[in-house]
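Read the structure below first, then the notes.
Each reported figure results from applying straightforward, stated rules to the coordinates on display, with no laboratory input. Source: prediction; values computed, not measured. For neighbour counting, all protein chains shown are included, and Cβ atoms are generated from backbone atoms with ideal geometry for every residue, glycine included.
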Amino acid sequence: MSTKEPKYDPETDTLRQIHRAHDNASAVTSTEGVTVYFDPDTNEVLGFSIVQFSEYYEKNANADGEWDVSIPAFVPVNLEEEMDFDEETIRSGVRIAEFY
């Protein structure tokens, strides 16, 4: 998404990575707690955040301390408040951010 490091706020235990800002961005949250921000006109993903990041990290880090998050490049049209990133959505333009 971006060459900048994600921003972590220890006070709220939230990790946030924004690729591009948008005045009227929309957002959806997966059942894993990953919130994806997207352009409501193009459905292009603008960034993501993970609340309760410490818990997410514990569940997703490997033995080397590396972890990743998989999000679609575009959010499917007509989403409700939550969504799961199914295999078809992921294969149709996934962006993976890997962190150490």
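Show me the ranking of peptides 31-41, 59-69, 45-55 by mean Cβ neighbours inside 10 Å, starting with the highest.
Numbers: 31-41: 16.0, 59-69: 11.5, 45-55: 18.7.
Going from most to least packed, we get 45-55, 31-41, 59-69.
Could you tally the net charge around Asn24, taking each other residue with its Cβ under 9 Å from the Cβ of Asn24, Lys/Arg +1 and Asp/Glu -1?
On the way: positive: none; negative: Asp23, Asp39, Asp41.
Its environment carries a net charge of -3.
I want to check the label-to-label distance for Ser70 and His19. Put each point 7 Å from Cα in the C-beta direction and report it in nm to one decimal.
About 1.7 nm separates the two model spin labels.
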